[in-house]
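What follows is one structure encoded as structure tokens, with my remarks underneath.
Any read-out appearing in this document is the output of simple, stated calculations on the displayed coordinates, not a laboratory observation. Here the structure is a predicted model, which means the values were calculated and not measured. Positions of Cβ are generated from backbone atoms using ideal geometry, with glycine treated the same way; all protein chains shown enter the neighbour counts.
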Amino acid sequence: MNRLIVLVAILALVARFASAQPGSSNLDTGKELVAQLYKEHSGKSDPLQYPASKKRLPNYFYKPLLDLYLKDQEASKGEVGKIDFDLLYDAQDFEISDFNLVVLPNKKGSGYVAARFKNMGVDQEIIFALQRTKMGWRIADIQYKDGRSLWKILKG
């Protein structure tokens, strides 16, 4: 009986550890999801770059936003499409400092995470609107300081 309890405890621990690995599609919080996207974006295998985005972005984007994003990338055929700036920094050029992610108040089933940072000394804030899905949290929209949003840009 004791062996069974120990075995169950070990399996639960292994399952929990495996679900927290980078690239996991079931991160516990929206903040973890956004943090992981920024981390991967700054690495060699940027999930925002086409064609890698076809495989990697489903781990981050809610399906309706993902479909619009991929449609724009496919239509642009390697050129600049509707998005002519870095989605995560709202800039073409950037020198980032004082980066911080903050969870904002939310309604059940949705959430908001603010990325706050300085770009070339200027305060910036980008809001990630999140949706809880069966696969975990996903980004449903990205809202920029001037009122634009990724959804509106891609839809328009």
Determine the shape class of region 50-119: with a ≥ b ≥ c the square roots of the Cα gyration tensor eigenvalues, call it rounded for a/c under 1.5, and otherwise prolate if a/b is greater than b/c, oblate otherwise.
oblate
Which FRET efficiency value, to the nearest 0.05, is calculated for S76 and R116 with the Förster distance at 22 angstrom and r the Cβ-Cβ distance?
0.15
Can you pull out the trypsin sites (Lys or Arg not before Pro) in region 81-154 whose DSSP state is coil and whose Cβ has at most 15 other Cβ atoms within 10 Å?
K107, K108, K134, K145, R148
Looking at the square roots a ≥ b ≥ c of the eigenvalues of the Cα gyration tensor of region 26-155, which shape do they give, rounded for a/c under 1.5, prolate if a/b is larger than b/c, or oblate?
rounded
What distance in nm separates the simple spin-label points at R132 and K55, each placed 7 Å from Cα in the Cβ direction?
3.1 nm
How about region 36-83: which GluC sites (Glu not before Pro) there are in a DSSP loop, with at most 11 other Cβ atoms within 10 Å of their Cβ?
E79
So the FRET efficiency between D67 and T29, C-beta based with R0 = 25 Å and rounded to 0.05, is 0.50
How do L37, L101, L66 line up, fewest other C-beta atoms within 10 Å first?
L101, L66, L37
